[in-house]
Every structure is written in C-alpha cells, then in structure tokens.
Amino acid sequence: MTATHGEQGSLDDRTAGAATAPADRVSRPSATAPPLLAVDSLARSFGGRDVVRSLSLEVPAGERVALAGANGSGKTTVLRCIAGTLLPTRGRISVAGASAGSVEARAATGASLGPERSFYLRLSGRANLLLFARLRGATRSEAAEQVAAIARELEIDGFVEQTADTYSAGMLQQLAFARALLGDPALLILDEPTRSLDTGAIDRFWRALDRRPGSAVLLATHNRDDLERCSKRVELPT
C-alpha cells in the first residue's frame, strides 16, 4: 500500500518496531499484483475550500488501512468519493480496475458510511438487508441465505426482526456493517465502524473481518484500538 497527501501526508507501519516511511519512498506494489483500490491525486473542494488535497493511495487485496486525522480533515469525504456518492473535484479513483461510482466498482465495494440515513425505518432490519441484497443482484433465495448467514455471524438475530425506527445508534451501526458484507465485496470502506458499539459488538466486528483475510479494508477512525488493528495508517492533514 502506498499513500501520499501533498507534502503533509504520512504513512505509519503499525507492525512492531517499524519506522514511519516518507510517502515518496514507499515502494509501489508489483505490476503483477495491481492494487484493488487506487486513488490518484484526489482533491475535493466545498465552497472554494479544499477539504482533500492531492491524496494518492493504493490498497491491495488483504490489507487493512486506516484513515486518521482530526475532524474536518476529509476522512469521510475520501470514503464518499471512493463509494461513488460524491464526485472528486480533481483526480481519479479506481476499484478493481473500474472507475469509482461505476456499476462494476459498486459491485466490488461494501460500504458503511455514517451517520446512517439510508435504511427504510418502517421495515425490519431483515427486510432492509433482503432489499439491499436484491439490489446487489442476489436472487430471492440467495438474498435470504446471505442475510441469514450474516445475521448469525454478527449475532444480530435478537433485533433484526424489529423495525429500524426502534434501533439505537449501535444497532443501526451493526445493521450497516451487515449490509456492507452482503455479497462478499472485495473492498470494504467503513466510516467510524466501531462508534456506538459495545464491547461484544466490537469483538464480532473484528472477527468478521478476520474471517475475510482476502478483503481490502479502508476505514476512517479516531479510535486508537482500531488504528492498531490496521497494518497501515494514512494521516490526513487539516
């Protein structure tokens, strides 16, 4: 994984005893193993203000990378650009070789972007997950199997039959992560994924990622424990 963010970007190797390497000295992945996610000179402005400035980032399959930085540094903006819900002002993003936001890139991406407002609150959690599984191309029977398996894995059966308007923030967070896992996407992009979760739910979250060692993971977080669970960290300047 390589990353640069103008002259202020930094990349931390979280393995024991490893030193931080300047972004322009980090070796690039082999040409025989192209990165699953490639961000090239991404910039995003709002009202004339640059929130993200010239971010370049590569994440190969099987690597966990954390986006860190103060509030307002652009972490969520980066994730939204990768998900295709926000267009970059400048730069390019590809997921599995396809442009971010394309049908192919969306099919390869599972996203949990908070605060979560995209669920149908009058439907049960299960009905919401079934709907989103169908939107990802699963047949009715495939959707039912996927949702049942993920509900068991994340241990959300206790509330998945309730309507989403009765959910706490932590329950919605778990439902959003369950949705991100539908279809076994190659790339997971997660915004503050352990926020609002209790200890048990946090443990289940990390166990679910551990069961998917081939997935590329990019998460935005302030949580020190989350940072230490990732192999690399990209610090976004304010």
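Just so it is clear, none of the values below were taken in a lab; they were calculated from the coordinates. As the structure is a computational prediction, the values presented were derived from the model and not from experiment. Every residue, glycine among them, receives a Cβ derived from its backbone with ideal geometry; neighbour counts consider all protein chains shown.
Brief remarks follow.
- Gyration tensor verdict on segment 140-223 (Cα atoms; rounded if a/c is under 1.5, prolate if a/b is larger than b/c, oblate otherwise): oblate
- Taking the chain as a Gaussian network of alpha-carbon nodes connected by springs under 10 Å, the highest mean-square fluctuation of the residues S54, S124, S141 belongs to S141.
- Dipole magnitude (debye, nearest 20) for the chain, charges at Cβ of Lys, Arg, Asp, Glu: 520
- Using the average count of surrounding beta-carbon atoms within 10 Å as a protection proxy, the listed peptides 61-71, 176-186 rank, highest first, as 176-186, 61-71.
- With a Förster radius of 35 Å applied to the beta-carbon distance between R207 and S99, the computed FRET efficiency rounds to 0.60.
- Comparing L42, L227, L135 in a Gaussian network model of the chain where C-alpha atoms under 10 Å apart are linked, the largest mean-square fluctuation is found at L135.
- Between segment 63-91 and segment 127-193, the alpha-carbon center distance in angstrom: 23
- CD proxy at 222 nm, helix term only [per DSSP H run n ≥ 4: -39500 (n - 2.57); per residue of the chain; nearest 500]: -8500 deg cm²/dmol
- Sequence-distant residues sharing a close amide H with H222 (under 5 Å, placed H): none
- Computed from backbone phi with θ = phi - 60° and the Karplus coefficients 6.51, -1.76 and 1.60, the 3J(HN,Hα) list for segment 124-138 is 5, x, 4, 4, 4, 5, 4, 4, 5, 5, 5, 5, 7, x, 6 Hz; x is used for glycine and proline.
- Taking one quarter of the surface of the C-alpha convex hull of the chain gives a mean projected area of 13.1 nm².
- Residue with peak Gaussian network fluctuation, the chain [Cα springs, cutoff 10 Å], from G84, G97, G125: G97
- Cα shape, segment 106-153, gyration tensor, a/c 1.5 rule: oblate
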